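What follows draws every value from the coordinates through simple rules; no lab data is involved. Please read all numbers here as calculations on a predicted model, not as lab measurements. So basically every Cβ, Gly included, is an ideal-geometry build from the backbone, and we count neighbours across all protein chains shown.
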Amino acid sequence: MARKLATRDAPSQDGTRERILAAALAVFAERGFDGARTREIAERAGANLGLIKYYFEGKEQLWKAAVTRAFAELQADSARGLQPSAGADTLAWLDRVVRQFVRFVARHPEFMRLMHDEAKRDSPRMRWLADRFVRPMSEAMTAHLARAQAEGLVVPMSPVSLRYIVLGAAGLVFSQAPECKYMTGVDPPDPGFAERHAD
């Protein structure tokens with residue numbers, strides 16, 4: 001049994017498992033958990049529907065795996081940024097962290113859409129996300145932002161307000177990329193726009 005579970009969790013040789021996870025994140029972001037259908041996820045991934053049950057056992061486990069994969073990439077991107085060395089320039093650290101986050105959400109606007117959808121209701125999935133991923137990252141960011149405030153680089157304000165201001169400023173345009181493109185002609189996921197947005 002342990003060998004079978006290890007096989008399920010390992011990347012597949014032909015990339016099917018990874019395609020399913022990418023398709024799942026996109027479909028869950030577009031339709032929400034309740035509106036997402038595993039058949040559509042399998043079709044988008046170019047995979048047999050039975051492989052979802054094989055790799056993930058069901059919709060809930062697929063959702064968790066897709067979210068975990070997205071957060072793993074975000075955490076890998078930000079790991080260095082969240083650990084400023086002693087005597088490091090706080091402003092340079094802030095710049096690096098913001099840029100890493102903006103680049104990530106520009107590459108994965110579906111991530112912000114899914115997070116916005118799940119965060120708006122008190123549900124077991126929201127609590128799972130918050131406890132497993134959001135709270136640890138938020139606590140680390142709050143500590144570093146307090147340092148920036150102490151140095152006068154960030155206005156003194158509630159850490160709660162500051163957190164949501166930064167999340168909104170950095171990610172909303174990518175979450176609402178279709179509206180932005182329709183209204184302005186600007187395509188937010190474009191790497192050039194993402195860099196200017198980070199500026």
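Observations on the structure shown:
- The value of relative contact order for the chain, using C-alpha pairs under 8 Å at least six residues apart, is 21 percent.
- The gain in end-to-end length when the HIS116 to TYR164 segment is fully stretched comes to 16.1 nm, 0.36 nm per residue minus the alpha carbon separation.
- Given in Å, the Rg to one decimal and the Dmax to the nearest whole number for the Cα atoms of the range 94-189 are 14.6, 41.
- Pairwise FRET efficiency - ALA76 versus PHE33, Cβ, R0 = 25 Å, nearest 0.05: 0.50
- In order through the range 28-41: 3J(HN,Hα) via Karplus (6.51 cos²θ - 1.76 cosθ + 1.60), integer Hz, x for Gly, Pro: 4, 5, 6, 10, x, 4, 5, x, 6, 10, 4, 4, 5, 4
- Calculated P(r) of the chain - Cα pairs past 26 Å, %: 41 percent
- Legend: calculated FRET efficiency, ARG44 to SER123, from the Cβ-Cβ distance at R0 = 22 Å, rounded to 0.05, equals 0.35.
- The 3J(HN,Hα) values that the Karplus relation (6.51, -1.76, 1.60; θ = phi - 60°) gives for the range 53-58 are, in residue order, 5, 5, 7, 10, 6, x Hz. Gly and Pro appear as x.
- With both labels modelled 7 Å from their Cα along Cα-to-Cβ, the GLU151 to ARG69 distance reads 3.7 nm.
- The chain: angle of helix 135-150 to the longest principal axis, Cα-based, in degrees nearest 10: 10 degrees
- Size descriptor, Kirkwood hydrodynamic radius, that averages inverse alpha-carbon separations across the range 132-173, Å: 10.8 Å
- R0 of 30 Å, Cβ-Cβ distance LEU51-ARG135: FRET efficiency to nearest 0.05: 0.35
- Scalar couplings 3J(HN,Hα) for the range 111-118, obtained by applying the Karplus form with A = 6.51, B = -1.76, C = 1.60 to θ = phi - 60°, are 4, 5, 4, 5, 5, 4, 5, 6 Hz; x denotes Gly and Pro.
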